[in-house]
Amino acid sequence: MAAFTLRLSCLPRQMLRLLIVLVCLPLAACTVLPQRPVSQVWLLPAQPGAPAGGQTINRSLRVMQPNTSQFINSSRIAVQPQGAEITVYSGSRWSDSVPVLVRNRLTQELRTDGRFVSVSSDEDNLQADFELGGDLSSFQGVYSGKKGEVLIQFDARLVQTSDRRVIASQRFVIRQPISGSSMNEVVEAFGLARDRLAADILRWLGNTSAMRSP
């Protein structure tokens, strides 16, 4: 230790200052650079459904993941802050990808409704009389000034699996106001919008005459 101290004292003053700066740089970087924020993972909330209590549809149904754009097909929570610009809510994501969340909610709601003999999903890959799929073109928050809303647009298709024939189709557009600026309120609005979508699709399926044909 004494020898090391002696060698340092023998160095020119300018070189000694440079050595001290180089040694301290890594320590400064550790304390000055901000730490990356921890990402918040959100479950998409859902209100419990209720059995339909109406006429049973003697058919089986398979629910598919909807087709969507590459941007929406992820766990990121999409938002349009202004005009046509689309980005994501910083530091937050869903617990699963958007198509999976939509499919799972529809499957759950249809099973609770109880009108169909059986309800499965494309994950189960079970035989079914009909297949419910479609195109999910919007699933994002949209802002106009300070006012925000959740926008969902889903073009549903009901396919007869025996011959792959589309027997019914319907466009669903849901607009759900966002009550505040916190992420909790944004997520709550997404959950309410998805619940409304599921309820509208249930009514549509119940009124589709081809589903009840023998």
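Each value in this text was obtained by applying a stated rule to the coordinates, not by laboratory testing. Just so you know, these numbers come straight off a predicted model, no measurement behind them. No Cβ is skipped: glycine too gets one built from the backbone with ideal geometry, and neighbour counts run over all protein chains shown.
Side notes on the structure shown:
- Computed across the stretch 100-214, the Kirkwood radius stands at 15.4 Å (inverse of mean 1/r, all Cα pairs).
- Here the label points at A84 and R164, each 7 Å from Cα along the C-beta direction, are separated by 3.4 nm in the simple model.
- Distance between modelled label sites at V41 and Y143, nm, 7 Å Cα→Cβ extension: 2.7
- Shape category assigned to the stretch 118-170 from the gyration tensor of Cα positions, a/c cut at 1.5: prolate
- Nitroxide proxy distance, nm - points 7 Å out along Cα→Cβ at M183 and S95: 1.6
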